[in-house]
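Q: Below: one structure in structure tokens.
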Amino acid sequence: MNRRIRRNQGFTLVEVLLVLGILVTLAAVSISVFGGTEKKAKISAATAQIESLCTQSIDIYIRHMGEAPETLEDLLNAPDDEEKAKEWGGPYVKKNKFPPKDPWGKELIYERLEDDDGNNTYKLTSSGPNKTEGDDDDISNIEDDES
């Protein structure tokens, strides 16, 4: 009277499929929740980078030289004119951080502008997440009036 009790070892196909379905659902939810986090972080980093370059480099250059630089290279290289070279207090940026690039790897776009009173100012722009200049996702130190 030796009876063997047969025990099921392992999982049934239904159990495996149920667990797999739960895992797929969790993965889909987490991707949708956290998928935009990297994009938002890069946008924040680009905004901070532009603000930092404006306040720590370009604005100091303007205080020293009395005008906005013609190009970003003026932040790195002293002017050829001896009188202007005396006022120059640079370099205003580190060589290893030049030319400045946004979090997507594209160079920042610098424009020297003139306001209504004839004073020069500047615009510093990142092409944004889609890396295309001149569209709605650009990030800049000033807002466009043309929108």
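Q: Hey, could you check region 20-68 for residues that are in contact with a strand residue (DSSP E or B) (Cβ under 7 Å, 6 or more places away or on another chain) and either closer than 28 Å to P129 by Cβ or hydroxyl-bearing (S, T, Y) (or both) and say which is surrounded by the most Cβ atoms within 10 Å (Cβ to Cβ)?
A: So, considering only residues that are in contact with a strand residue (DSSP E or B) (Cβ under 7 Å, 6 or more places away or on another chain) and either closer than 28 Å to P129 by Cβ or hydroxyl-bearing (S, T, Y) (or both), the one surrounded by the most Cβ atoms within 10 Å (Cβ to Cβ) is A46.
Condition check ((1) touching a Leu at 6+ places or on another chain (Cβ under 6 Å); (2) in contact (Cβ under 8 Å) with a residue 40 or more places away in the chain; (3) surrounded by 15 or more Cβ atoms within 10 Å (Cβ to Cβ)) across all residues:
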{"site": "N77", "(1), (2), (3)": "no, no, no"}
{"site": "E82", "(1), (2), (3)": "no, no, no"}
{"site": "N96", "(1), (2), (3)": "no, no, no"}
{"site": "P103", "(1), (2), (3)": "no, yes, yes"}
{"site": "I109", "(1), (2), (3)": "no, no, yes"}
{"site": "D117", "(1), (2), (3)": "no, no, no"}
{"site": "N130", "(1), (2), (3)": "no, no, no"}
{"site": "E133", "(1), (2), (3)": "no, no, no"}
{"site": "N141", "(1), (2), (3)": "yes, yes, yes"}
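Q: Can you confirm whether region 127-137 contains a residue that is over 25 Å from G36 (Cα atoms) and out of contact with any strand residue (DSSP E or B) (no Cβ under 8 Å at 6 or more places or on another chain)?
A: Scanning region 127-137, I find no residue that is over 25 Å from G36 (Cα atoms) and out of contact with any strand residue (DSSP E or B) (no Cβ under 8 Å at 6 or more places or on another chain), so the answer is no.
Q: Considering region 55-89 alone, what residues qualify as being farther than 22 Å from N141 by Cα and part of a loop (DSSP other than H, G, I, E, B)?
A: N77, A78, P79, D80, D81, W88, G89
Q: What are the pairs, 6+ residues apart or on separate chains, where a residue within region 33-50 that is at negative phi has its Cβ under 6 Å from a residue that is in a helix (DSSP H, G or I) and at pLDDT below 85?
A: Between residues of region 33-50 that are at negative phi and residues that are in a helix (DSSP H, G or I) and at pLDDT below 85, there is no close pair.
Q: Name the residue that is modelled with the lowest pLDDT, counting only residues in region 2-51 that are under 23 Å from N141 (Cα atoms) and among the charged types (D, E, K, R).
A: In this case the residue turns out to be E38.
The values are calculated or read from the model by the stated rules, or taken from the named source; none is laboratory data. Since the structure is predicted, the reported quantities are computational estimates derived from the model, not experimental observations. Glycine gets a Cβ as well: all are built from the backbone with ideal geometry, and neighbour counts include every protein chain shown.
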